[in-house]
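Shown next, in structure tokens, is the structure this report addresses.
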């Protein structure tokens, strides 16, 4: 089992090399062009076919289109939903009991891009106030978007930096 990042701005799925090793998944080597804010570069990777993502309770299976392997998924563990994140915000506290227990032993081993829309598509949204984080639910459960730590949230609001 692993955590997944749902990336509605990326058009490709990625899986970590460690998840491929854990499940003995192989694929042909290839080169892809990967574009980020910093650069566009060609990277060597493996094309992975036949991945199926299951919900934690095994009640749902979603086949992924092709995916590519990589050393890691650029994501932060502090963005994995936790019960205390929901409890900190009055508009999200009613769903706190629907958030799975955080597991420190699970890494972030999968990035699901918008070439697989079913797991990304919001089924419900809890918006909160204009500057509050919000919650979305997908077929795989709740996710939080925005700064969920109230202390960090206040710091974000007071920063005068502007980007154009």
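The values are calculated or read from the model by the stated rules, or taken from the named source; none is laboratory data. Model, not experiment: these values are computed from the prediction. Ideal geometry is used to build each Cβ from the backbone, glycine not excepted, and the neighbour counts take in all protein chains shown.
A compact table of results
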| quantity | calculated |
| --- | --- |
| Qualifying residue in the stretch 118-125 (condition: in contact with a strand residue (DSSP E or B) (Cβ under 8 Å, 6 or more places away or on another chain) and surrounded by 18 or more Cβ atoms within 10 Å (Cβ to Cβ)) | yes |
| Search result, residues across the stretch 58-80 that are assigned to a loop (DSSP other than H, G, I, E, B) and either within 20 Å of residue 116 (Cβ to Cβ) or in contact with a strand residue (DSSP E or B) (Cβ under 8 Å, 6 or more places away or on another chain) (or both) | 58, 59, 60, 64, 65, 66, 71, 72, 73, 74, 75, 80 |
| Residues that are surrounded by 13 or more Cβ atoms within 10 Å (Cβ to Cβ), in a loop (DSSP other than H, G, I, E, B) and in contact (Cβ under 8 Å) with a residue 60 or more places away in the chain, drawn from the stretch 9-25 | 10, 12 |
| Count of the stretch 104-125 residues which are out of contact with any helix residue (DSSP H, G or I) (no Cβ under 9 Å at 6 or more places or on another chain), part of a loop (DSSP other than H, G, I, E, B) and in contact (Cβ under 8 Å) with a residue 12 or more places away in the chain | 11 |
| Residues that are more than 19 Å from residue 4 (Cβ to Cβ) and in a loop (DSSP other than H, G, I, E, B), drawn from the stretch 81-95 | 88, 89, 90, 91, 92 |
| Residue that is farthest from residue 3 (Cα to Cα), among those in the stretch 26-57 that are in contact with a helix residue (DSSP H, G or I) (Cβ under 9 Å, 6 or more places away or on another chain) and part of a strand (DSSP E or B) | 46 |
| Residue match in the stretch 77-93 (condition: surrounded by fewer than 16 Cβ atoms within 10 Å (Cβ to Cβ), at pLDDT below 95 and closer than 22 Å to residue 22 by Cβ) | yes |
| Counted residues, the stretch 47-56 - those being in contact with a strand residue (DSSP E or B) (Cβ under 7 Å, 6 or more places away or on another chain) and either loosely packed, with under 12 Cβ neighbours inside 10 Å or closer than 13 Å to residue 19 by Cα (or both) | 4 |
| Test set (1) more than 22 Å from residue 134 (Cβ to Cβ); (2) modelled with pLDDT of 95 or more - residue 35 fails condition number | (2) |
| Test result for residue 69, under 30 Å from residue 27 (Cα atoms) and in contact with a helix residue (DSSP H, G or I) (Cβ under 7 Å, 6 or more places away or on another chain) | yes |
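For (1) under 16 Å from residue 67 (Cβ atoms); (2) more than 16 Å from the chain's Cα centre (by Cα), each residue gets a yes or a no:
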{"residue": "117", "(1), (2)": "yes, no"}
{"residue": "131", "(1), (2)": "no, yes"}
{"residue": "134", "(1), (2)": "no, no"}
{"residue": "137", "(1), (2)": "no, no"}
{"residue": "143", "(1), (2)": "no, no"}
